[in-house]
Each structure stands twice: as structure tokens, then as C-alpha cells.
Amino acid sequence: MLAQLAGAALAALAVRQWRVALAESCTGGWIAKSLTDIAGSSAHFEAGFVTYANGAKAALLGVDAGLLERDGAVSRAAVLAMAAGARQRSGADLAVAVSGIAGPGGGSPAKPVGLVWFGWQSRDGVHEAAAEQFAGDRDAVRRQAVARALRCIAALAALPRPEINLGSSR
């Protein structure tokens, strides 16, 4: 299933002629692995940042340490900053960031095990985040997060290009 989703993501990137960068935390590079398992993926895969620790998020992606302390690594603000950092540092057309609590421990009532945040930024100005609550053990949560991220890449690359307004011809 992940191979099919990765193939669809790469196909959508190819149509758009885009390159993708990833900022992964709880998925530990699994999204990048899924994409690079496919021969020819180098045409559309730019970079992957595995930033598991907060220090790595700050050092490699430029995520503000104060933001991480205030909102936590598993938050809307964190994944938006991770996506922005990955796109800016890689020069990719699209960046997707993932941070979550895969378990079995580490959850809280506010941030339960299975909570995963996804953030993305495209050169077209799309900059958004969404959370999912996944069920299952650590492997199941991570697998579902990888699948969701691959679907996200395919969907974002398939969005219509914004119309370019060159001004009035009158």
C-alpha cells in the first residue's frame, strides 16, 4: 500500500514538475524511504530532514526553540515552522512536515498517543497544517502517518496552479 501511495505522490510531483522536501520526526525517515524505494525518485525528491529531537528541529530547520518550548514539538506551530524550514533550506517546491506521538508512552490528555500533526508549505503559497488521531501500536501509528503524508503530497501536487495575473490588457 505504501509503495502505491509513494508512486502516486511521485507521479503527481512529476506532472507538476515539482521537487519535495520532508521534515520528519515521529516517522523517522519512513516517508523519505517510501519515496526513494522507487527507481527514478531522485527526479522529484529533493531532501529529507529527520529531526527527532527538538535541538535538531532548531539546528537543522531553524524552528524557534521558544516555539518548541511553548507549543511543543507536536503542534500546529511546530509543523508549520518545520515545513517552512525544510522548504527554505532545501529550495524544494513543496515541503511536508510530520510530528507526533507514536507511543506506547509519551502521551497526555491534551496530546494523546496517536496524535500526529502534518504541516506543508508550497511555492504557490499554500501553508497549512492538520492533525490526525491514529489508533494502534507504535508501528501502526507511524505507518498511518506515512500513508497520510504520501496522500498529502499527491493531493498538494495535484492542486490547480494559481492563475497568474499579468495585469489588465485595457
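Bear in mind these aren't lab numbers, they're just calculated from the coordinates by the rules spelled out. In this text, all values refer to a predicted model and were calculated from it rather than measured experimentally. As a convention, Cβ positions derive from the backbone with ideal geometry for all residues, glycine included, and neighbour counts pool all protein chains shown.
Counting other Cβ atoms within 10 Å of each Cβ, which chymotrypsin sites (Phe, Trp or Tyr not before Pro) in segment 41-75 have at most 15 and sit in a DSSP loop?
Values: sites: F45, F49, Y52; in loops: Y52.
Counting only loop positions with at most 15 other Cβ atoms within 10 Å, the chymotrypsin sites (Phe, Trp or Tyr not before Pro) in segment 41-75 are Y52.
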task = Using only Cα atoms, tell me the angle between helix 76-90 and the longest principal axis of the chain; keep it within 0 to 90° and round to the nearest 10.
result = 50 degrees
request  = Rounded to whole Hz and in sequence order, give me ³J(HN,Hα) for segment 130-139 from the Karplus expression 6.51 cos²θ - 1.76 cosθ + 1.60, θ = phi - 60°, writing x for Gly and Pro.
outcome  = 8, 10, 10, 10, 9, 9, x, 7, 3, 4
query = Once amide H atoms are placed 1.01 Å from N in the peptide plane, what residues at a sequence separation of 5 or more from V50, or on another chain, have their amide H within under 5 Å of its amide H?
reply = E24
ask   = How far apart, in nm, are the 7 Å Cα→Cβ label points at R138 and E69?
value = 2.9 nm
inquiry  = Taking the 0 to 90 degree range and rounding to the nearest ten, how far is the long axis of helix 2-16 tilted relative to the main principal axis of the chain, both from C-alpha atoms?
reply    = 30 degrees
ask   = What is the set of long-range amide H partners of R19 at a cut-off below 5 Å, with H atoms built 1.01 Å from backbone N?
value = D93, L94
remark   = The ³J(HN,Hα) series, computed from each phi in segment 145-157 with the Karplus coefficients 6.51, -1.76 and 1.60 at θ = phi - 60°, rounded to the nearest Hz and given as x for glycine or proline, is 5, 4, 4, 5, 5, 5, 4, 4, 4, 4, 5, 5, 5
message = About the Cα centre, and with charges only on the beta carbon of Lys, Arg (+1) and Asp, Glu (-1), how big is the dipole of segment 36-170? Nearest 20 debye, please.
response = 100 debye
ask   = Which value does Rg/Rh take for segment 43-97 over its C-alpha atoms, Rh per Kirkwood?
value = 0.97
inquiry  = Projecting each Cα onto the charge dipole of the chain (Lys/Arg +1, Asp/Glu -1 at the beta carbon, about the Cα centre), which of A154, L35, M82 comes out farthest on the positive side?
reply    = A154
query = Could you list, bin by bin from short to long, the percent of Cα-Cα pairs of segment 2-158 in 5 Å steps?
reply = 2, 11, 21, 24, 20, 13, 6, 2, 0
